[in-house]
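A.B. asks: Here it is: the structure, laid out below.
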Amino acid sequence: MIRRGPRPRTDPRRATFLGLSIPTALILLAFLLAPLALTVSMSFHEKLTSDILGPFEPTLQHYQRATSVASYWQLLWTSGVMAFVVALVATLFAYPVAYFLAFRAGSRAGLYLILLLVPFWTSYLLRVMAWKLLLGSNGVINSLLVGTGVIDEPLTALLYNRTTVVITLIYVWIPFATLPILAVLGRIDARLHDAAADLYASPFEQFRRVTLPLSLPGIAAAFLMVFIPTVGEYVTPLLVGGNAGIMYGNVIEDYFSKSANWPLGSALSVIMLGITLVLVVIGVRIVQPRRLLRT
Amino acid sequence: MHPRRHLTTPPAAAVLAIAAIVAACGGPGTSLSPTSGPTNPPATATAGTPSTAPTETACEGDTTADPSVTGELSVFDWSGYDAEIFWQDFKNKYANVKVTFDATGASDADIYNGISTGTHTEDVFHPYTGWLQFYVDEGLVQEIDTTKLKNWCKVPDSFKQVGQINGKQYFIPWDWGFSSVLYRTDKIPNIDSWASLLDPQYNGHVVMWDDGPGAVTVSSYVHGWDETAITDDQLAQSKAEWTEVLKNNPTRWLAEPELVDSFENGDGWLAYAWQGSYATLLNDGKVPVAYSDPTEGRNSWIGVYGIRTGSTNTDLALRFLDEKLGDLTGQNLVENYYYGTANADVMAGITDETLKTAFSVNDPSILQKTNFTPNLTKDQREAWIAMWSEAKAEAGVQ
């Protein structure tokens with residue numbers, strides 16, 4: 001006789017999901033949401049105090065200060081445009097790489113993926129500093145041009161400007177932008193291509209009408225994954241941007257590290273966060289990922 | 001520091017919130033720890049006004065090892081200052097005391113924020129002049145009983161006064177140096193004024209220190225303003241002038257190696273600089289340089305050590321401060337990092353020609369011609385930093 005056990009009260013898949021996700025959720029809560037909440041709270045404090053969790057009388061003085069400086073708004077706009085360009089170009093460059101890994105690399109795809117990620121075995125700072133060595137007045141490019149007699153004096157325009165910051169950031173982000181696109185391309189059923197071919201679609205038509213539409217969610221994810229953090233970037237402009245390549249993140253950093261004015265730095269951070277979220281929501285409304293998924 | 005990266009592939013909707021939050025916290029990089037050496041010391045200010053260069057004293061400290069002293073001591077210091085050579089005398093004398101450093105300070109604000117918010121509870125900390133008043137006003141630092149310091153007699157009175165606030169000794173001076181205009185003599189024959197940093201004829205080659213108080217200090221020297229009473233109009237004028245400088249010159253420096261590199265690669269011709277960069281360039285010998293004696297006077301800065309209020313480790317802390325003033329520690333500071341020491345015997349014993357030049361040892365009146373900026377209020381300091389931040393933003397968007 002088969003003895004039936006008691007019916008489980010919960011779905012085991014649900015229990016597994018909870019078991020797997022709770023640790024991550026706790027980490028996010030502790031190290032992402034809690035600091036964010038503290039940042040928002042700090043922006044309403046009059047000054048930095050040791051008792052940040054204690055009661056306080058909220059003030060808007062730091063928001064008034066942050067919003068009253070025209071150049072901060074201009075810099076935020078400039079940083080947004082730079083982030084858009086970086087995200088767009090990095091995604092455009094990343095797509096062919098992901099396409100190759102998904103459809104052409106075959107059994108060597110894993111090896112190529114590791115090679116793609118090799119740069120991350122070295123320090124971020126080291127990689128950005130390498131650009132400085134490449135583009136500086138005594139750098140590789142200038143030394144080559146001067147050494148071969150192409151120019152008499154080193155080109156100073158190669159470093160310390162906005163273009164250099166954008167190019168460096170594109171280089172930094174391309175491997176990351178590749179990953180979400182690769183994940184989406186990897187899920188495309190190869191039989192769809194066969195079906196398209198059976199219907200006399202040329203390779204280009206197969207790409208345009210099958211592969212590209214199905215990979216749009218990955219493209220959107222890659223774009224946003226680059227765009228959003230780049231708006232607040234400050235290390236790269238600090239290293240290769242010079243006076244002309246400064247970004248909004250550098251202003252925030254000033255108030256945290258050079259001044260004891262964390263509340264003003266927090267207010268600037270919250271403003272940037274809010275505007276970035278609004279931009280992303282607008283972008284998502286325009287792109288409509290769900291519609292893309294149905295395409 | 002390493003960048004934050006997401007190696008997973010979340011769909012667009014899921015990545016939004018996380019990535020947007022990341023945006024508010026900075027981009028792929030995080031904070032910078034400038035260099036391995038103590039390259040970020042000075043806020044340009046001191047409370048006292050040393051008028052004479054340290055000269056040799058008849059004082060003898062006690063270097064006899066004392067293994068009977070045991071325990072643990074913690075120090076909150078700047079990046080690089082935890083190197084053993086900077087507390088060599090203490091290490092030699094008290095071998096059985098364990099010293100733990102938190103050498104994560106990267107700015108005066110870091111030190112102040114750490115102590116004032118209670119996130120740092122080390123026994124000893126290392127601020128610079130210009131920031132001292134805050135610690136005393138807020139009760140963050142203990143008064144020091146200097147009768148217990150055997151090396152105290154090696155410190156000139158004028159330097160001792162730097163650590164005195166409201167008539168009490170709260171800090172002991174340790175490292176010090178000059179700020180002035182450093183320039184390449186093959187490009188510019190002579191610099192005799194701080195105003196050269198604002199001079200459009202040098203556009204493209206001025207390398208300013210990335211520091212608001214430093215910028216306002218220069219403005220006050222150039223225009224003859226009272227540095228302790230800068231008005232809103234003066235601050236606006238200073239901002240306009242520095243915006244032009246930032247707009248017309250490619251870069252600024254955060255850490256001394258950047259400044260040295262810019263001179264040696266040909267980009268920089270003149271700069272706001274500490275004597276350490278001057279000495280480094282003299283030693284390297286790649287480009288000819290000089291360190292100006294501006295008619296307005298040089299600026300000088302002094303680093304001090306204090307004992308945190310609440311520390312019950314006062315005995316060990318005092319021993320540590322005492323040995324910081326020891327001869328070997330002072331020699332290491334001077335010879336390895338080209339910083340001055342408050343130990344007058346060490347300064348008087350400098351024989352290296354480069355160091356003598358860098359510290360103007362042969363000019364006994366050098367400190368009389370030097371500006372030691374008085375302490376500032378918190379409001380003043382924040383206004384100056386805000387000015388500089390806004391000037392950088394304006395220059396960056398033009």
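A.B. asks: Residue by residue through the range A:46-52, what is 3J(HN,Hα) from phi via Karplus (6.51 cos²θ - 1.76 cosθ + 1.60, θ = phi - 60°)? Round to whole Hz and write x for glycine and proline.
C.D. replies: Using θ = phi - 60°, the values come out as 6, 8, 5, 10, 6, 9, 6 Hz.
A.B. asks: While we're here: Given springs between every Cα pair under 10 Å in a Gaussian network model of chain A, which of A:TRP262, A:TRP121, A:TRP73 has the largest fluctuation?
C.D. replies: With Cα springs under 10 Å in chain A, the top fluctuation among A:TRP262, A:TRP121, A:TRP73 is at A:TRP121.
A.B. asks: Now for a different question. What is the ratio of the Cα radius of gyration of the range A:69-294 to 2.2 N^0.38 Å, where N is its residue count, to two decimals? Walk me through the numbers before you get to the answer.
C.D. replies: On the way: Rg = 20.9 Å, N = 226, 2.2 N^0.38 = 17.3 Å.
It is 1.21.
A.B. asks: Could you run the Karplus curve 6.51 cos²θ - 1.76 cosθ + 1.60 with θ = phi - 60° over the range B:290-295 and give me ³J(HN,Hα) per residue in whole Hz, x for Gly and Pro?
C.D. replies: Per residue, the Karplus-derived 3J(HN,Hα) values read 9, 10, 5, 10, x, 4 Hz.
A.B. asks: Hey, got the average number of other protein chain Cβ atoms within 10 angstrom for residues in A:121-133? Could the numbers behind the result be given before it?
C.D. replies: Numbers: counts 0, 1, 3, 8, 7, 0, 1, 3, 0, 0, 0, 2, 0.
So the per-residue partner count for this stretch is 2.
A.B. asks: In a shell of Cβ-Cβ distance under 9 Å around B:ALA395, excluding B:ALA395 itself, what net charge do Lys and Arg (+1) and Asp and Glu (-1) give?
C.D. replies: Residues close to B:ALA395 contribute a combined charge of 0.
A.B. asks: Shifting gears a bit: Per-residue HN-Hα couplings for the range A:85-90, Karplus 6.51 cos²θ - 1.76 cosθ + 1.60 at θ = phi - 60°, whole Hz, x for Gly and Pro?
C.D. replies: Ordered by residue, 3J(HN,Hα) equals 5, 4, 5, 5, 5, 4 Hz.
A.B. asks: Please order A:LEU268, B:LEU367 by the number of other Cβ within 10 Å, starting at the fewest.
C.D. replies: If I rank by nearby Cβ atoms, fewest first, I get B:LEU367, A:LEU268.
A.B. asks: Could I ask something else about it? Measuring from label point to label point, each 7 Å out along Cα→Cβ, what is the A:THR148 to B:ASN336 span in nm?
C.D. replies: Result: 4.5 nm between the two label points.
A.B. asks: Just how far, in whole angstrom, is the range B:149-165 from the range B:301-354 if you go by their alpha carbon centroids?
C.D. replies: Distance between centres, Cα-based: 11 Å.
A.B. asks: May I ask you to derive the FRET efficiency for B:THR104 and A:LEU212 from their Cβ-Cβ distance with R0 = 45 Å, giving the value to the nearest 0.05?
C.D. replies: The formula returns an efficiency of 0.40 here.
A.B. asks: What is the average number of partner chain Cβ atoms found within 10 Å of a Cβ in A:33-44?
C.D. replies: Going residue by residue through A:33-44 and averaging, the value is 1.
A.B. asks: Which of A:TYR255, A:TYR200, A:ALA157 sits closest to the plus end of the dipole of the range A:69-294, meaning its Cα is farthest towards the positive end, when Lys and Arg get +1 and Asp and Glu get -1 on the C-beta?
C.D. replies: The Cα lying farthest towards the positive end belongs to A:TYR200.
A.B. asks: Something else about it: Can you tell me the equivalent ellipsoid semi-axes for the protein assembly as shown? Use √(5λ) from the Cα gyration tensor, largest first, whole Å.
C.D. replies: 51, 31, 24
A.B. asks: So, counting K/R as plus one and D/E as minus one, what does the shell of residues with Cβ under 13 Å around B:VAL287 add up to?
C.D. replies: Charge balance in the 13 Å sphere: -2.
A.B. asks: Using per-residue counts of other Cβ atoms within 10 Å, averaged over each peptide, order A:180-188, B:136-144 from highest down.
C.D. replies: A:180-188, B:136-144
A.B. asks: Next question. Just how many % of Cα pairs in the range A:200-282 lie over 16 Å apart, if you round to the nearest whole percent?
C.D. replies: Details: 2228 of 3403 pairs.
So the portion of pairs separated by more than 16 Å is 65 percent.
A.B. asks: Let me ask something additional. Expected output is a single nm value to one decimal: the length gained when fully extending between A:LEU133 and A:LEU117, i.e. 0.36 nm times separation in residues minus the C-alpha distance. What is it?
C.D. replies: Computed gain between A:LEU133 and A:LEU117 is 3.6 nm.
A.B. asks: Measuring from label point to label point, each 7 Å out along Cα→Cβ, what is the B:THR377 to A:TRP77 span in nm?
C.D. replies: For the pair B:THR377/A:TRP77, the computed spacing is 3.6 nm.
A.B. asks: Now for a different question. For B:LEU367, what residues show an amide H to amide H distance below 5 Å, using hydrogens built from the backbone and excluding near sequence neighbours?
C.D. replies: Long-range HN contacts for B:LEU367: B:ALA53.
A.B. asks: In nm, to one decimal, how far is the B:LYS168 label point from the B:GLU138 one, both placed 7 Å along Cα→Cβ?
C.D. replies: Each label point is offset 7 Å from its Cα along the Cβ direction, giving 1.8 nm.
A.B. asks: Taking the range B:45-199 on its own, what percent of its Cα-Cα pair distances exceed 27 Å? Write out the running numbers ahead of the final one.
C.D. replies: On the way: 4413 of 11935 pairs.
The proportion of pairs with Cα distances above 27 Å equals 37 percent.
A.B. asks: Further question: Sequence-distant or interchain residues sharing an amide H contact under 5 Å with B:TRP209, placed H: which?
C.D. replies: Placed amide hydrogens put B:TRP253, B:TYR272 under 5 Å from B:TRP209.
A.B. asks: Let me ask something else about it. Taking the highest mean first, how do the peptides B:161-169, B:107-115 order by number of other beta carbon atoms within 10 angstrom per residue?
C.D. replies: Output ranking for B:161-169, B:107-115: B:107-115, B:161-169.
A.B. asks: Using modelled amide H (1.01 Å from N, peptide plane; none on Pro or chain starts), what sits under 5 Å from the amide H of B:ASP77, excluding residues fewer than 5 places away?
C.D. replies: Placed amide hydrogens put B:ASP102, B:ALA103, B:THR104, B:GLY105 under 5 Å from B:ASP77.
A.B. asks: Take the Cα atoms of the range A:69-175, find their three principal axes, and give me the spread along each one in whole Å, biggest first.
C.D. replies: Per principal axis, max minus min of the Cα coordinates gives 49, 46, 24 Å.
A.B. asks: Something else now. Straight-line reach from B:LYS239: which lysines have Cα under 26 Å away, leaving out those fewer than 8 places along the same chain?
C.D. replies: Within the straight-line cut-off, B:LYS239 pairs with A:LYS47, A:LYS258, B:LYS247, B:LYS378, B:LYS392.
A.B. asks: Let me confirm one metric for peptide A:237-248, namely the mean number of other chain beta-carbon atoms within 10 Å of its residues' beta-carbons.
C.D. replies: 5
A.B. asks: Something else: Could you work out the per residue convex hull volume over the alpha carbons of the range A:127-197, in cubic angstrom?
C.D. replies: It is 142 Å³ per residue.
Throughout, read-outs are computed from the coordinates displayed, never taken from laboratory work. Remember, it's a predicted structure, so these values are computed and weren't measured experimentally. FYI the Cβ positions are ideal-geometry reconstructions off the backbone, even for glycines, and counts take in every protein chain you see.
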